[in-house]
Each structure stands twice: as structure tokens, then as C-alpha cells.
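Enquirer: My questions will all concern the structure given below.
The values are calculated or read from the model by the stated rules, or taken from the named source; none is laboratory data. What you see is a predicted model; the values in this text were computed from it and never measured. Methodologically, a virtual Cβ is constructed for each residue, glycine included, from the backbone with ideal geometry; neighbour enumeration extends over all protein chains shown. All accessible areas refer to the heavy atoms of the entire protein, side chains included, with ligands and DNA or RNA removed. Shrake-Rupley method; radii C 1.70, N 1.55, O 1.52, S 1.80 Å.
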Protein chains: 2
Amino acid sequence: MKSRVGKIFRNAGKGIDCIVFLNGTEPLHDMTFFYITGFTSGLFEGSAVFTYPDKSLRLVTSLLEQESARRADFPVRIFKSIQEREKMFKSSLRGCRKIGVNPPELTYRNYLLLKKLVPKAELIDVSEAVMKARVVKDRKEIATIRRACKISSEVAKEIIPYIAAGVKEYELAARINFLMQKKGASEPAFETIPASGPNSAEAHYTAADRTVQKGDFVLFDFGARYKKYVSDLTRTYVLGKAKKKQKEMYEIVLKAQRTAMRRIRPGVKASTVHNAAARMIDKTKYRGKFTHGLGHSIGLSVHDGMGLGPFSDFKLEKGMVFTVEPGIYVRGYGGVRIEDDIVVTKGGCESLTTADRNFIEI
Amino acid sequence: MKSRVGKIFRNAGKGIDCIVFLNGTEPLHDMTFFYITGFTSGLFEGSAVFTYPDKSLRLVTSLLEQESARRADFPVRIFKSIQEREKMFKSSLRGCRKIGVNPPELTYRNYLLLKKLVPKAELIDVSEAVMKARVVKDRKEIATIRRACKISSEVAKEIIPYIAAGVKEYELAARINFLMQKKGASEPAFETIPASGPNSAEAHYTAADRTVQKGDFVLFDFGARYKKYVSDLTRTYVLGKAKKKQKEMYEIVLKAQRTAMRRIRPGVKASTVHNAAARMIDKTKYRGKFTHGLGHSIGLSVHDGMGLGPFSDFKLEKGMVFTVEPGIYVRGYGGVRIEDDIVVTKGGCESLTTADRNFIEI
């Protein structure tokens with residue numbers, strides 16, 4: 001993973017002697033640790049990877065991870081106690097005067113630890129350099145995300161026969177997760193959202209104890225974690241014959257998604273893509289009912305650092321991977337969201353998720 | 001949840017004007033946020049709960065969580081932009097000179113944000129006060145953990161018929177997770193470990209692509225998340241007739257667990273409990289093969305702040321909940337771990353997990 005270390009150091013500019021990625025207690029991890037090491041399994045609590053301007057790296061981890069770390073093709077040091085850990089951290093930072101850290105994924109406690117170990121060094125926020133490296137995926141990363149997307153796309157179809165009146169939302173969530181794991185996902189990328197009826201109007205609904213009824217919107221928002229990388233997909237179905245309003249809401253959201261996707265290509269300002277979808281929805285009677293950003297970068301994290309929102313003023317680049325997920329939410333009635341994952345290509349974008357987007361009555 | 005706020009402020013000592021629990025991007029959350037709010041669903045990225053010495057609290061969250069936050073019986077402010085969020089944070093901290101923060105679960109970026117918003121205030125590490133409050137569970141918390149433990153205990157039994165030669169490890173993990181969620185778990189508490197054969201010697205094994213074979217140890221380490229609280233259970237089975245060595249390893253680990261559990265009661269030093277198990281194992285030919293701490297506190301986090309390790313010098317208190325999980329790991333051959341969750345009671349401890357601990361050949 002030397003090329004990834006090189007990418008981060010290039011983004012960070014000159015003068016940095018070492019950049020460290022240090023995990024807290026699970027799940028308070030810096031996913032950049034996995035970006036750099038390429039590890040696809042193991043837990044690595046309290047472990048750190050130290051990277052240097054010559055693209056070399058060094059892992060410090062605990063005895064618990066010895067087997068997982070055996071796959072490393074770079075130096076590994078194993079600690080057996082907190083004292084040993086601190087010694088190894090210190091020796092990895094010896095002679096470093098400017099040390100890069102990643103504040104969004106570093107706990108304040110671990111920051112204080114570094115401060116204590118190397119009190120004279122300057123700790124520099126390199127999070128922008130890290131994010132810039134991570135948001136543009138390399139070939140291997142795209143292949144992994146594609147596989148995660150394939151898993152969720154297949155499951156979006158395979159869940160349909162299980163949707164029936166009388167089924168509990170959480171039973172459907174359980175089934176989705178099971179189907180994903182049977183296909184090789186290590187875990188759900190996040191807590192699967194199975195929102196039925198009025199619950200579909202709640203964007204982050206996770207209560208999941210309602211019984212599905214005929215005539216309901218049934219909205220699933222879920223993703224697979226595959227070799228640490230994620231997918232993120234939403235489909236909204238109707239159980240039984242849809243009401244006119246349900247179909248209308250769906251078609252507007254679908255049109256908004258298509259409109260947005262057509263705007264995506266390298267060089268375009270991210271907010272333009274959001275605004276295209278938002279404007280489309282706001283022209284209808286559902287004005288103001290699209291209450292969130294259009295999408296977010298995915299990769300090792302579900303929210304990978306950048307987004308397609310109204311205030312996103314960066315420019316799209318080839319290799320960036322985003323969700324595109326417009327929605328309309330009517331409180332007390334229900335909501336529709338359609339979410340796909342796309343990679344920015346030379347001439348536009350390619351959808352990595354391939355589940356049917358047409359309106360489906362079950 | 002005013003009693004919980006009161007508990008933290010009492011532990012923190014006098015002079016603190018406000019304690020803030022501030023979430024990062026999922027999963028970089030401060031689980032104390034959920035301890036204080038009592039929310040059992042919702043995501044609450046970038047949200048904060050501000051608590052005050054009079055036990056009052058105030059939530060600042062995004063439009064996305066409006067529905068989830070509707071369940072709150074305390075003031076809620078909803079922001080629609082980052083600018084609004086910062087304004088609301090600032091007004092919640094107005095007049096506060098000493099502000100408590102929780103470094104182990106606060107990102108360094110959010111620390112910097114607070115520093116920026118209230119440059120003149122002193123930010124004080126109250127993590128010990130927070131941990132001390134959270135590790136001693138109240139009645140409601142124990143009931144919730146008990147339910148999470150019941151789910152995993154039942155699944156430890158129900159997985160048995162699925163264990164067969166030719167099955168992939170990840171298929172068994174998928175089945176375990178499915179069974180847990182069908183019983184009401186919102187998600188696996190952590191990535192389910194399904195380690196077969198030699199993989200069972202790897203404490204944090206998650207690769208899960210091996211095919212189970214006759215004669216294997218099959219070790220499952222898994223837990224349910226139920227209303228945000230977790231359980232954590234390990235059982236090790238043998239597929240087919242066990243070899244003498246397998247049975248021997250198992251019986252030693254079981255005896256070590258029993259020995260340790262008998263030591264648990266209020267007032268006992270935590271390291272005593274670890275040492276009892278470790279000494280027992282070290283008296284056998286598997287000396288040195290128990291390579292980790294005996295257990296850890298569980299609650300809203302899988303690693304909830306304290307542990308039963310060789311250097312744990314705190315005293316056990318009624319209401320603390322720990323895993324008790326001795327193991328023996330023989331590289332290249334396999335490992336045995338038996339893990340249960342116990343709550344410290346007035347006179348000793350009670351096991352919240354109830355799955356059969358006897359040696360099982362399948």
C-alpha cells in the first residue's frame with residue numbers, strides 16, 4: 001500500500017516527518033488504518049500504523065492481532081502491555097518533529113497520548129490530505145466496492161418475496177442482513193433500515209417493531225461491508241396496489257435521481273448535482289420535502305468525508321464514489337427514497353448498484 | 001435520565017458548568033450520548049447532548065433525526081446547517097467556564113470545534129467520571145443487557161444443527177446474526193467470529209472463508225445489540241468425536257472460568273479474578289497459552305471502559321457487568337474460549353448468559 005502512503009504525503013505537502021493513524025476502542029477506529037495496511041480482517045483496537053515520507057510504514061499492534069497481522073508485508077511490532085505499546089509508539093516517532101494526525105477519526109484521548117509521548121513534536125492536522133486521498137478510489141478499491149454493491153443489489157431483489165402483510169420490520173431487516181452475509185458480506189455496513197408505512201418518512205428510522213400492512217410503502221436502506229468496504233442502497237416498494245399519490249411520489253424521486261446522475265462528470269461542482277435533484281423536487285407539490293443532502297462519498301466508511309450537498313463546493317473527480325439518494329418525506333404518510341452508488345468516470349458516471357429502479361408493487 | 005446526569009456530575013466533582021457529549025461521524029460516536037438521552041433508535045451523527053449541574057439536559061440534533069428525537073422529554077433544538085449547529089452549540093455553552101468532555105469517545109476534530117466555539121472556556125477531561133457512572137449499571141440497563149444476553153444464549157443453542165462438514169464459516173456467522181435479529185436484536189454487537197479448526201487459535205479471527213471439517217473446533221464469539229446495549233458470548237464446540245486433547249483443553253478452560261467466577265463479588269480487586277483463571281491455566285501444560293485479559297465491562301459499548309486484567313486495580317461493585325472469557329490458544333492446532341456475561345451482585349455474581357457450558361460434540 002505504498003502508493004497510498006505516497007498519495008497522502010503528496011497531498012500533505014512538505015515538511016511532515018511521519019503521519020500516524022491510531023485506533024481507539026472499537027468502533028472508534030481510524031479507517032485510514034485499513035486503507036494503509038490493506039487488512040481485510042482483524043480488529044486492531046489501540047493499534048497504530050506509522051507512515052513516513054519515503055512511503056515506508058510500520059505497524060504496532062497487540063498480541064491479539066498477531067495472526068491477522070501475519071499477512072503484512074511491512075514491519076510489525078507486537079506489544080504485550082500498555083507500557084510496551086507506548087515505548088513502541090515513541091520509538092516509531094523518534095526524531096520526528098512534525099507529525100501528521102487525522103482529527104476526524106482520532107480520539108481526543110489518543111491525541112493526548114501522542115502529545116505526552118512526543119511533547120516537543122508539532123502535531124499537524126492532515127485530515128484534508130487524508131480525505132483527498134481516500135475519496136478518490138484506486139482500481140482495487142473500486143473493484144471491492146463493486147462487489148459490495150453487487151451483494152446489496154441482489155438482495156434488493158431477493159427480499160421482495162419476504163415482504164407480506166403481518167411481517168415485522170425487524171424480521172425483514174434480519175432477512176436482508178442474512179442474505180447479504182450468505183453472499184460474503186462480513187456484516188451490514190450500518191444498521192439496516194426497514195421502514196414501513198408512515199415510518200418511511202423518518203430518514204434514519206431504526207426502531208423496526210412495526211408490522212407491515214397492505215398498502216404500505218416499504219423502504220429498505222442497507223449496505224454490505226465486504227473486505228472492509230461498503231455499499232449503501234435504498235429501495236422503496238409498495239405492498240399491494242399503490243395509491244396514485246404513492247406512485248406520483250416515486251416517479252418524482254426517480255426523475256430527480258436521473259436528473260442528478262446526468263449532471264455527474266469530472267470537473268462539475270458537487271453542489272450542482274444536489275441542486276439539480278432538489279430543484280426538480282421543489283418544482284412539484286412536494287416542495288421542501290427533500291430534507292437532506294443528495295449523497296455522500298462511500299468507501300471504508302459509510303460517510304467517507306465528502307458529500308453532494310447544497311454547500312459542497314469541491315469538484316468531482318474520476319474515481320470518486322458517491323451515493324445518489326433523493327427522497328420525499330411526508331410526515332405521518334410515508335416517504336420514498338431511491339439510492340444508488342455511482343463511481344465518477346471519465347465521461348460521466350457508472351452505477352455500481354444495479355437493482356431495478358422501476359416502481360414495484362408487490 | 002436525570003439520575004444518570006446527576007451520577008456523572010457527582011463523580012466529576014464541583015466546579016463544572018456543563019458536560020457535553022458530542023458525536024462524530026458514525027461509528028465515531030460517544031455512546032454516553034445514548035446513556036444520557038435513553039434513545040434506543042436513530043443515528044444522531046454530529047449531534048450533541050449538553051448536561052448541566054441541575055441535572056437538566058438539552059439536545060442539539062439535525063433535521064434527519066427529528067422523528068427519532070420526538071421521543072425526548074427534554075428540550076430539543078434542530079439544526080438545518082452546520083452554521084446553525086455551531087450557533088446552537090455556542091448558545092448551549094453560554095456562560096460556561098469549565099466544560100467537561102469525554103476524550104475516549106470524542107474525536108479530536110470535535111474537540112477543536114469546541115475550542116473554537118468557546119475559546120475562553122476550560123475543557124476538562126471528565127472521562128473517569130463518565131466511565132465510573134457507566135460501568136455501574138442501573139436496574140433498567142441490567143434488564144436491557146439481560147435481554148441481549150437471552151438472545152445470544154438462545155442462538156448459541158440454535159446454531160448447533162447448522163454446524164456440519166462443508167459449511168463455510170461465514171455462512172454460520174450469517175445464520176447466527178439472522179437468528180439474533182429474528183429475536184429482536186437490532187444488529188450484531190460486533191463482527192461475529194466464526195472460527196473453525198486452526199482459525200480458532202486466532203482470538204480476533206474474522207476472515208471467515210474456511211470450510212468447516214470433521215474433527216474441528218468450531219468457536220463462535222458473538223453478541224446481540226438490543227436497544228443499544230450489547231451481549232458478548234463465546235462457545236466452542238467440536239464437530240464429530242473430539243480428540244482427547246480437545247476435551248482436555250475445553251475442561252481446563254471451563255474450570256478456569258468457574259474458578260474466576262467464584263472470586264467475583266463486591267470489594268474484590270479486579271486483577272484477582274483474572275489471576276485466578278490465569279494461574280489455573282498456567283498450572284497445566286498450556287502455560288502461557290491464555291494470551292489476553294479475562295474479561296471486559298460491557299454495556300452501550302462492547303469494551304465499556306474497564307476490564308478484568310492482570311493490572312486492573314479497581315474494586316468490583318454491585319451492578320458492574322463483565323465478560324468472563326478464559327481461553328487456550330495453540331497456534332496451528334486450535335483454540336478454546338468460553339465466554340459469559342455476568343453482573344456483580346450483593347453476594348457474588350449472576351450469569352446473564354445461560355447457554356450450556358458443558359463440552360458439546362456435534
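Enquirer: Taking only the stretch B:143-154 into account, find how many residues are open to solvent by 30 Å² or more (accessible area, probe 1.4 Å) and either touching a strand residue (DSSP E or B) at 6+ places or on another chain (Cβ under 7 Å) or not small (G, A, S) (or both).
Expert: Within the stretch B:143-154, the first condition is being open to solvent by 30 Å² or more (accessible area, probe 1.4 Å), and the residues that meet it are B:143, B:146-147, B:150, B:154.
Checking which are either touching a strand residue (DSSP E or B) at 6+ places or on another chain (Cβ under 7 Å) or not small (G, A, S) (or both) leaves us with B:146-147, B:150, B:154.
Looking only at that region, the number is 4.
Enquirer: So which residues in the stretch B:47-105 are within 14 Å of chain A (Cβ to nearest Cβ), of a type in the set (V, I, T) and farther than 30 Å from A:P198 by Cα, if there are any at all?
Expert: Of the stretch B:47-105, the ones within 14 Å of chain A (Cβ to nearest Cβ) are B:47, B:61-71, B:78-86, B:99-105.
Now restrict to residues that are of a type in the set (V, I, T): B:61, B:78, B:82, B:99, B:101.
Scanning the stretch B:47-105 gives B:I99, B:V101.
Enquirer: Scan the stretch A:1-40 residue by residue and report those that are small (G, A, S) and over 25 Å from B:L106 (Cα atoms). So that I can check it myself, show each step before the final result.
Expert: Keep residues of the stretch A:1-40 that are small (G, A, S), which gives A:3, A:6, A:12-13, A:15, A:24, A:38.
Within the stretch A:1-40, A:S3, A:G6, A:G13, A:G15, A:G38 qualify.
Enquirer: B:A201: modelled with pLDDT of 95 or more, on the phi < 0 side of the Ramachandran plot and of a type in the set (G, A, S), yes or no? Full working, then the answer.
Expert: Numbers: modelled with pLDDT of 95 or more: no; on the phi < 0 side of the Ramachandran plot: yes; of a type in the set (G, A, S): yes.
Considered against the rule, which asks whether it is modelled with pLDDT of 95 or more, on the phi < 0 side of the Ramachandran plot and of a type in the set (G, A, S), B:A201 comes out as no.
Enquirer: Can you say whether A:L179 is within 14 Å of another protein chain (Cβ to nearest Cβ), over 16 Å from the mean Cα position of the chain (by Cα), over 17 Å from A:I360 (Cα atoms) and part of a strand (DSSP E or B), as far as the supplied structure shows? Reasoning before the result, please.
Expert: On the way: within 14 Å of another protein chain (Cβ to nearest Cβ): yes; over 16 Å from the mean Cα position of the chain (by Cα): yes; over 17 Å from A:I360 (Cα atoms): yes; part of a strand (DSSP E or B): no.
Spelling it out, it is not the case that A:L179 is within 14 Å of another protein chain (Cβ to nearest Cβ), over 16 Å from the mean Cα position of the chain (by Cα), over 17 Å from A:I360 (Cα atoms) and part of a strand (DSSP E or B).
Enquirer: Test B:Y286 against the stated conditions and say whether it is assigned by TED's automatic domain parsing to the domain that holds B:S200, over 23 Å from the mean Cα position of the chain (by Cα), within 29 Å of B:R225 (Cβ to Cβ) and not small (G, A, S).
Expert: It is false that B:Y286 is assigned by TED's automatic domain parsing to the domain that holds B:S200, over 23 Å from the mean Cα position of the chain (by Cα), within 29 Å of B:R225 (Cβ to Cβ) and not small (G, A, S).
Enquirer: To continue, here is another question. Quick one: in the stretch B:328-362, which of the residues that are more than 21 Å from B:G307 (Cβ to Cβ), not acidic (D, E) and not in a loop (DSSP other than H, G, I, E, B) is most open to solvent (accessible area, probe 1.4 Å)?
Expert: Narrowing the stretch B:328-362 to residues more than 21 Å from B:G307 (Cβ to Cβ): B:330-334, B:346-347, B:354-362.
From the residues that got through so far, the ones that are not acidic (D, E) too are B:330-334, B:346-347, B:354-355, B:357-360, B:362.
Imposing the further condition that a residue be not in a loop (DSSP other than H, G, I, E, B) reduces the set to B:330, B:334.
Values: B:V330: 25, B:G334: 0 Å².
Applying the filter and picking the extreme gives B:V330.
Enquirer: Now a separate question. Considering the stretch B:305-327 alone, what residues qualify as being surrounded by 21 or more Cβ atoms within 10 Å (Cβ to Cβ) and part of a strand (DSSP E or B)?
Expert: B:G307, B:L308, B:M320, B:V321, B:F322, B:T323, B:V324, B:G327
Enquirer: Moving to a separate point now. Do the conditions hold for B:V302, that is, is it open to solvent by less than 30 Å² (accessible area, probe 1.4 Å), closer than 27 Å to A:L43 by Cα and not in a loop (DSSP other than H, G, I, E, B)?
Expert: Judged against the criteria, B:V302 is not a match.
Enquirer: Given the conditions (1) closer than 27 Å to B:R225 by Cβ; (2) without any contact (Cβ under 8 Å) to a residue 60 or more places away in the chain; (3) in contact with a Lys or Arg (Cβ under 9 Å, 6 or more places away or on another chain), report the number of the one that B:A276 does not fulfil.
Expert: Answer for B:A276: the failing condition is (1).
Enquirer: Next question. Please verify whether A:S271 is closer than 15 Å to A:C349 by Cα, open to solvent by less than 30 Å² (accessible area, probe 1.4 Å) and within 14 Å of chain B (Cβ to nearest Cβ), treating the condition exactly as stated.
Expert: Values: closer than 15 Å to A:C349 by Cα: no; open to solvent by less than 30 Å² (accessible area, probe 1.4 Å): yes; within 14 Å of chain B (Cβ to nearest Cβ): yes.
No.
Enquirer: Quick one: in the stretch B:155-174, of everything that is open to solvent by 10 Å² or more (accessible area, probe 1.4 Å) and without any contact (Cβ under 8 Å) to a residue 60 or more places away in the chain, which residue is farthest from B:V230 (Cα to Cα)?
Expert: Step by step, filter the stretch B:155-174, then rank; the result is B:G166.
Enquirer: What residue, among those in the stretch B:189-202 that are surrounded by 23 or more Cβ atoms within 10 Å (Cβ to Cβ) and not in a helix (DSSP H, G or I), is farthest from the chain's Cα centre (by Cα)?
Expert: Per the stated criteria, the residue is B:S196.
Enquirer: Name every residue in the stretch B:99-109 that is open to solvent by 20 Å² or more (accessible area, probe 1.4 Å) and in contact (Cβ under 8 Å) with a residue 24 or more places away in the chain, in order of residue number. Let's see the steps before the verdict.
Expert: The first filter runs over the stretch B:99-109 and keeps only residues open to solvent by 20 Å² or more (accessible area, probe 1.4 Å), leaving B:104-105, B:108-109.
Across the stretch B:99-109, the qualifying residues are B:P104, B:E105, B:R109.
Enquirer: Among residues belonging to the stretch A:218-236 that are open to solvent by 10 Å² or more (accessible area, probe 1.4 Å) and assigned to a strand (DSSP E or B), point out the one that is nearest to A:E339 (Cα to Cα).
Expert: Going through the qualifying residues, I end up with A:D221.
Enquirer: Do you know which of the residues in the stretch B:110-141 that are away from chain A (no Cβ under 13 Å) and closer than 23 Å to B:E86 by Cβ is most open to solvent (accessible area, probe 1.4 Å)?
Expert: Only one residue fits best here, namely B:K120.
Enquirer: Please tell me if A:Y205 is in a loop (DSSP other than H, G, I, E, B), open to solvent by less than 10 Å² (accessible area, probe 1.4 Å) and in contact with a strand residue (DSSP E or B) (Cβ under 8 Å, 6 or more places away or on another chain). So that I can check it myself, show each step before the final result.
Expert: On the way: in a loop (DSSP other than H, G, I, E, B): yes; open to solvent by less than 10 Å² (accessible area, probe 1.4 Å): yes; in contact with a strand residue (DSSP E or B) (Cβ under 8 Å, 6 or more places away or on another chain): yes.
Spelling it out, A:Y205 is indeed in a loop (DSSP other than H, G, I, E, B), open to solvent by less than 10 Å² (accessible area, probe 1.4 Å) and in contact with a strand residue (DSSP E or B) (Cβ under 8 Å, 6 or more places away or on another chain).
Enquirer: Could you please give the count of residues in the stretch A:109-149 that are in contact with a Ser or Thr (Cβ under 8 Å, 6 or more places away or on another chain) and small (G, A, S)? Don't jump to the end; show me each part of the working.
Expert: At the first step, the residues of the stretch A:109-149 found to be in contact with a Ser or Thr (Cβ under 8 Å, 6 or more places away or on another chain) are A:109, A:130, A:134-135, A:138, A:145, A:148-149.
Next, only the ones that are small (G, A, S) stay: A:148.
Counting residues in the stretch A:109-149 that are in contact with a Ser or Thr (Cβ under 8 Å, 6 or more places away or on another chain) and small (G, A, S) gives 1.
Enquirer: Also: With the requirement that a residue be under 16 Å from A:S312 (Cα atoms), among the basic types (K, R) and without any contact (Cβ under 8 Å) to a residue 60 or more places away in the chain, what does the stretch A:256-273 give you?
Expert: Those that are under 16 Å from A:S312 (Cα atoms), among the basic types (K, R) and without any contact (Cβ under 8 Å) to a residue 60 or more places away in the chain: A:R263, A:K269.
Enquirer: Every residue in the stretch A:13-40 that is of a type in the set (G, A, S) and crowded, with 22+ Cβ neighbours inside 10 Å, please.
Expert: Here is the first cut: in the stretch A:13-40, the ones of a type in the set (G, A, S) are A:13, A:15, A:24, A:38.
Answer for the stretch A:13-40, where residues must be of a type in the set (G, A, S) and crowded, with 22+ Cβ neighbours inside 10 Å: just A:G24.
Enquirer: I've got another one for you. From the list B:V302, B:V321, which one is of a type outside the set (G, A, S), under 26 Å from B:F33 (Cβ atoms) and out of contact with any Lys or Arg (no Cβ under 7 Å at 6 or more places or on another chain)? Quick ask: steps written out before the conclusion?
Expert: Details: B:V321 fails: out of contact with any Lys or Arg (no Cβ under 7 Å at 6 or more places or on another chain).
Matching residue, one of B:V302, B:V321: B:V302.
Enquirer: Separate question: Of these, B:K255, B:K245, which one is within 27 Å of B:K283 (Cα to Cα), basic (K, R), touching a strand residue (DSSP E or B) at 6+ places or on another chain (Cβ under 9 Å) and open to solvent by 10 Å² or more (accessible area, probe 1.4 Å)?
Expert: On the way: B:K255 fails: touching a strand residue (DSSP E or B) at 6+ places or on another chain (Cβ under 9 Å).
The unique qualifying residue is B:K245.
Enquirer: Test B:Y250 against the criterion of being crowded, with 22+ Cβ neighbours inside 10 Å and more than 14 Å from the chain's Cα centre (by Cα), and give yes or no. Reasoning before the result, please.
Expert: Values: crowded, with 22+ Cβ neighbours inside 10 Å: yes; more than 14 Å from the chain's Cα centre (by Cα): yes.
Spelling it out, B:Y250 is indeed crowded, with 22+ Cβ neighbours inside 10 Å and more than 14 Å from the chain's Cα centre (by Cα).
Enquirer: Taking the stretch A:30-43 on its own, how many of its residues are more than 8 Å from chain B (Cβ to nearest Cβ) and either assigned to a loop (DSSP other than H, G, I, E, B) or of a type in the set (D, E, K, R) (or both)?
Expert: Narrowing the stretch A:30-43 to residues more than 8 Å from chain B (Cβ to nearest Cβ): A:30-39.
Still in the running and either assigned to a loop (DSSP other than H, G, I, E, B) or of a type in the set (D, E, K, R) (or both): A:30-31, A:38-39.
Count: 4.
Enquirer: I'd like to know if the stretch B:294-310 contains one or more residues that are modelled with pLDDT under 95 and touching a Pro at 6+ places or on another chain (Cβ under 8 Å).
Expert: Yes, the stretch B:294-310 contains at least one residue that is modelled with pLDDT under 95 and touching a Pro at 6+ places or on another chain (Cβ under 8 Å).
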